1. Name the residues in region 15-44 that are closer than 20 Å to GLU82 by Cβ and not in a loop (DSSP other than H, G, I, E, B), would you?
2. Output the residue which, of all residues in region 62-78 that are among the hydrophobic types (A, V, I, L, M, F, W, C) and without any contact (Cβ under 8 Å) to a residue 12 or more places away in the chain, is farthest from GLU25 (Cα to Cα).
3. Do we find a residue being among the β-branched types (Val, Ile, Thr) and in contact with a Phe, Trp or Tyr (Cβ under 9 Å, 6 or more places away or on another chain) anywhere in region 37-50?
4. Considering only residues that are assigned to a helix (DSSP H, G or I) and polar (S, T, N, Q), which ones fall in region 1-14?
5. Please work out which residue is farthest from the chain's Cα centre (by Cα), limiting yourself to region 35-61 and to residues that are in contact (Cβ under 8 Å) with a residue 40 or more places away in the chain and farther than 14 Å from CYS17 by Cβ.
6. If you scan region 45-88, which residues turn out to be assigned to a loop (DSSP other than H, G, I, E, B) and surrounded by 19 or more Cβ atoms within 10 Å (Cβ to Cβ)?
7. Scanning region 10-34 for residues that are more than 22 Å from THR79 (Cα to Cα), surrounded by 11 or more Cβ atoms within 10 Å (Cβ to Cβ) and not charged (D, E, K, R), which turns out nearest to the chain's Cα centre (by Cα)?
Amino acid sequence: MSMQQQIHTKLSDAIHCTHLEVINESHMHSRGTESHFKVIVVSEEFSGLRLLPRHRRINEVLKSELANDIHALAIHAHTPEEFSEQSEQVPASPNCLGGSKFD
């Protein structure tokens, strides 16, 4: 199973998502490793939560991958209402400045 599929499976198993995208951005940054990703997670579970607890929830689900395999993870966590208000536009990820333990 690819890292992208693993991330998708773990997030969808742990969080009831109305929309979930896992985008592999490794080709823009790394040297042939699957280590840079963007996730767009839309869930009612985020209602009433500020940004930091939402990110902590996702980081906890992906704890092992973040410790061992992932160098960069851009997180976009929204409620369904927030996601529809922004017209489903997600900003581009910034350029990686390096520092990967895989380089």
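1. HIS19, LEU20, GLU21, VAL22, ILE23, LYS38, VAL39, ILE40, VAL41, VAL42, GLU44
2. Taking region 62-78 as the starting set, the residues that turn out to be among the hydrophobic types (A, V, I, L, M, F, W, C) are 62, 66-67, 70, 72-75, 77.
Next, from what is left, pick out any that are without any contact (Cβ under 8 Å) to a residue 12 or more places away in the chain: 66-67.
Values: LEU66: 15, ALA67: 18 Å.
Once the filter is applied, the top-ranked residue is ALA67.
3. Looking only at region 37-50, we keep the residues that are among the β-branched types (Val, Ile, Thr), and these are 39-42.
Those left that are additionally in contact with a Phe, Trp or Tyr (Cβ under 9 Å, 6 or more places away or on another chain): 40, 42.
Scanning region 37-50, I find at least one residue that is among the β-branched types (Val, Ile, Thr) and in contact with a Phe, Trp or Tyr (Cβ under 9 Å, 6 or more places away or on another chain), so the answer is yes.
4. Passing the criteria: GLN4, GLN5, GLN6, THR9, SER12.
5. Step one: of region 35-61, the residues in contact (Cβ under 8 Å) with a residue 40 or more places away in the chain are 35-36, 38, 40, 42, 57-58, 61.
Okay, now just the ones that are also farther than 14 Å from CYS17 by Cβ, so 35-36, 38.
Values: SER35: 12, HIS36: 9, LYS38: 4 Å.
Among those residues, the one meeting the criterion is SER35.
6. So the first thing to find is which residues in region 45-88 are assigned to a loop (DSSP other than H, G, I, E, B), and the list is 47-50, 62, 69-71, 79, 86-88.
Result: LEU62, ILE70, HIS71.
7. Going residue by residue through region 10-34, those that are more than 22 Å from THR79 (Cα to Cα) are 24-34.
Retained after the next criterion (residues that are surrounded by 11 or more Cβ atoms within 10 Å (Cβ to Cβ)): 24-26, 28-30, 33-34.
Narrowing the set further to residues that are not charged (D, E, K, R) leaves 24, 26, 28-30, 33.
Working: ASN24: 10, SER26: 13, MET28: 16, HIS29: 16, SER30: 17, THR33: 17 Å.
In this case the residue turns out to be ASN24.
Every number in this text was worked out from the coordinates using simple rules, so none of it is lab data. Note that this is a predicted model, so its numbers are computed, not measured. For neighbour counting, all protein chains shown are included, and Cβ atoms are generated from backbone atoms with ideal geometry for every residue, glycine included.
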